[in-house]
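Chemist: Here it is, the structure in full.
Readers should treat all values here as calculations from the given coordinates under stated rules, not as data from a laboratory. Keep in mind it's a predicted model, so treat the numbers as computed, not measured. Neighbour counts are summed over all protein chains in view; Cβ atoms, including those assigned to glycine, are modelled from backbone coordinates with ideal geometry.
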Amino acid sequence: MNIALVILAAGKGTRMQSDMPKVLHQIAGAPMLAHAIRSAEVLNPSRTIVVAGHGFDDVKSSLDTFAPDAEVVLQQEQKGTAHAVDAARDALREFDGDVIVLFGDTPFVRTETLERMVAARQDNAVVVLGFEAADPGKYGRLVMQGDTLEAIVEFADASDEQRAITFCNSGVMLARSDELFSMIEAIEANNAQEEYYLTDIVAIARDRGLSVTAVACDEVETLGINSRIHLAEAEAIFQANARRELMELGVTLQQPDTVMLSHDTVIGRDTVIEPNVYFGPGVTVESGALIRAFSHLEGCHVSRGSVVGPYARLRPGAELAEDVKIGNFVEVKNATLDAGAKVNHLSYIGDAAIGAAANVGAGTITCNYDGVMKHRTTIGANAFIGSNTMLVAPVNIGNGAMTGSGSVITKDVEDDALAIARAPQVSKPGLARKMFDLLKVKKQKASRGGE
Ligand code: UD1
Ligand code: MG
């Protein structure tokens, strides 16, 4: 079936108390709008049209990143959900197929639910997604007659009898494009809110003798995000699902509810994640790795057999080959570490390439920034960097080379060479004792003076 996705996202979202359009608030590192678009990916839509209004330019540029195939149309004034869908009319003029309408602030409709709607479309001109509401509040009520949906009545316009209905409208709707737009033409704004209600097409379809039905889903799927509190609830739902999926794929999460994942986190089976680990966007971890407690990862790749943390930070561009070890209080940014390399303690590795099996000692810093520009450090295979070495980039350390602890390395070191760049040690026999004696006398004098 040829499907166009129309996502309504023009509303302001006043209750978010935000300068940013509501649909751009993020869940797991991606705007809720991107989640909504992704939820319908399974239908393989040939067109995706986002109806934007408030924060139009921001919505457009965010989509360039998160859903570059989406087209954005403007709904200048927000006159209701039917008026919003109508904004997509021109874009879909040549389109021959079905339109599914989703809300940009309702990101968790399940794949299986959308598939059931598509199946129900075979025998019905219009399919609406409903849910049994624990608290029906101000949702539109679905007036059913057997399997037939006769009408949707908005709360503001409903009689007491209709308000007692608990089967509610999620807002998701599926219909043939030409029929949908023809019915929208017939919608009027003569209701309590003086808006063009998309929900009115149900009664219009019935008047035209078309069959309309409702498919039911779980209430959590239709969670609409209207406030920061809802946003936090949505985040929790996403995280719970994502953690469960990872565990089902064979990843061990020792304390799942302390691990934060991003919308695009990929982790291979038999990897173990200790408690309190944060995965920002763009992280892939291969099978059989160990991510130890309190580590923070974003935009990085960790290969099989590597160990990260505890208390490690992998920033964008950190690429760890197999069996690499990154230990506590180590920060890695824009750097590749070849197989078996080790940076075990208290280091900053930025803009660097570290060779296979190299060992970087405690406290080593790649001094990559001169205040204006960034420079690269390369460390050869099997090199041994002594503790507390400052590698002043640009600088290259050869294969099998060594640096003395505490060195400030400003020049390249050739293969197999030892570089020491620190003040030579001087020893003065007996001088420590003399110094102590002198100091004690000084102290005595000072305390007598104070009496
Ligand atoms: C809508 C439904 C209601 C349903 C509820 C579920 C209508 C008339 N009512 O009510 O039956 O139970 O959702 O949450 O459809 N939007 C625009 N442009 C507009 C108006 C709305 O883009 O002019 C977008 C909003 O940004 C939002 C969505 O459409 O994403 C829904 O609008 P909203 O105002 O929240 O509708 P409700 O009153 O909640
Ligand atoms: Mg709403």
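Chemist: For the chain, state the average projected area of the convex hull of the C-alpha atoms over all orientations, rounded to one decimal in nm².
Modeler: 34.0 nm²
Chemist: While we're here: Relative contact order of the chain: what whole-number percent is it, with Cα pairs under 8 angstrom and at least 6 residues apart?
Modeler: 8 percent
Chemist: Moving on to the next point. Provide E194, E274, E150 in ascending order of the number of other Cβ atoms located within 10 Å of each residue's Cβ, fewest first.
Modeler: Sorted ascending by nearby Cβ count, the order is E194, E150, E274.
Chemist: Among Q444, A393, T378, whose Cα lies farthest out toward the positive end of the dipole of segment 360-451, if unit charges sit on the beta carbon of Lys, Arg (+1) and Asp, Glu (-1)?
Modeler: Going by the charge dipole, the pick is Q444.
Chemist: Something else: Quote the charge dipole size of the chain about the Cα centre in Debye, to the nearest 20; the model charges only the Cβ of Lys and Arg (+1) and of Asp and Glu (-1).
Modeler: Rounded to the nearest 20 debye, it is 3780 debye.
Chemist: Hey, can you grab everything whose amide H is under 5 Å from the amide H of N396? Only 5+ residues off in sequence or another chain; H modelled, so Pro and N-termini drop out.
Modeler: T378, D412, V413
Chemist: Could you grab the Rg to Rh ratio for segment 142-277? Cα atoms only, Kirkwood for Rh.
Modeler: Reported Rg/Rh (Cα atoms, Kirkwood Rh): 1.15.
Chemist: Please work out, to two decimal places, the log10 of the ratio I(q)/I(0) at q = 0.12, 0.14, 0.16 Å⁻¹ from a Debye calculation in which every Cα of segment 319-451 carries one identical scatterer.
Modeler: Debye intensities relative to I(0), on a log10 scale: -0.52, -0.61, -0.72.
Chemist: I'd like the distance between the alpha-carbon centres of segment 75-145 and segment 226-254, rounded to an integer number of Å.
Modeler: Each part reduced to its Cα centre gives a spacing of 25 Å.
Chemist: For n ≥ 4 DSSP H runs only, could you compute -39500 (n - 2.57) per run for the chain, divide by its residues and tell me the 222 nm figure to the nearest 500?
Modeler: Result for the chain: -6500 deg cm²/dmol, rounded to the nearest 500.
Chemist: Based on other C-beta atoms within 10 Å, arrange E245, E112, E286 from fewest to most.
Modeler: E112, E245, E286
Chemist: Which percent of the Cα-Cα distances in segment 177-241 go past 18 Å?
Modeler: 58 percent
Chemist: Amide H of A30 versus every other amide H placed in the peptide plane: which residues, excluding those fewer than 5 positions away on the same chain, fall under 5 Å?
Modeler: H263
Chemist: Could you list the square roots of 5 times each eigenvalue of the Cα gyration tensor of segment 3-222, that is, the equivalent ellipsoid semi-axes, sorted largest first and rounded to whole Å?
Modeler: Calculated on Cα positions only, the semi-axes equal 25, 19, 18 Å.
Chemist: Report, in debye and to the nearest 20, how large the dipole of segment 3-222 comes out about its Cα centre when Lys and Arg carry +1 and Asp and Glu carry -1 on their Cβ.
Modeler: Taking the Cα centre of segment 3-222 as origin, the dipole is about 260 debye.
Chemist: Same structure, new question: When all alpha-carbon pairs of segment 110-205 are counted, what percent fall beyond 22 Å?
Modeler: It works out to 27 percent of all Cα pairs.
Chemist: Would you mind ranking K434, K12 so that the residue whose beta carbon has the fewest other beta carbons within 10 Å leads the list?
Modeler: K434, K12
Chemist: Sum up the charges of everything whose Cβ sits under 14 Å from the Cβ of D157, counting Lys and Arg as +1 and Asp and Glu as -1, but leave D157 out.
Modeler: Charge balance in the 14 Å sphere: -4.
Chemist: Using θ = phi - 60° and the Karplus curve 6.51 cos²θ - 1.76 cosθ + 1.60, what whole-Hz ³J(HN,Hα) does each residue of segment 274-283 get, with Gly and Pro shown as x?
Modeler: For segment 274-283, the Karplus-derived couplings read 6, x, 6, 10, 10, 9, x, x, x, 9 Hz, x marking Gly and Pro.
Chemist: Put one equal scatterer on each alpha carbon of segment 228-419, apply the Debye formula with no solvent term, and list log10 I(q)/I(0) at q = 0.09, 0.15 1/Å to two decimals.
Modeler: The calculated log intensity ratios at q = 0.09, 0.15 Å⁻¹ are -0.35, -0.81.
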